[in-house]
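To start, the structure under review is shown below, and the notes come after it.
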């Protein structure tokens, strides 16, 4: 039996056979939230090791680019130009790393 409000919900009610509707009634009480699950993973021994490795490898790069190179935001527009600007900053960062480690000779 079609709904009385079908013409208000659909653009073409005559040709549309079925419309699926999902109702969200809030959180399920028994399921663990994504945040709680992530907290549990980070607090584990393996999680602490992974976070320590991330802070040692990835975070200094972004800190250097943002603070020392003043890359708080891109100055160009468009995906191609922003990609080029990002690669240029990464190139400068990597050349500086080579220079600091004695490869500049």
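Cβ-Cβ distance of residue 58 and residue 31, R₀ of 35 Å, FRET efficiency by 1/(1 + (r/R0)^6): the value works out to about 0.70. Peptides 92-101, 52-61 ranked from most to least packed, by the mean per-residue count of other Cβ atoms within 10 Å: 92-101, 52-61. Label sites at residue 39 and residue 81, each approximated as a point 7 angstrom past Cα along Cα to Cβ, lie 4.4 nm apart.
You can think of it this way: the chain between residue 103 and residue 17 has 24.1 nm of extra reach, that is 0.36 nm per residue less the Cα-Cα gap.
Bear in mind that the values in this text are calculations on the coordinates, not laboratory data. Note that this is a predicted model, so its numbers are computed, not measured. A quick note on method: Cβ atoms are made from the backbone with ideal geometry, for glycine too, and the neighbour counts reach across all protein chains shown.
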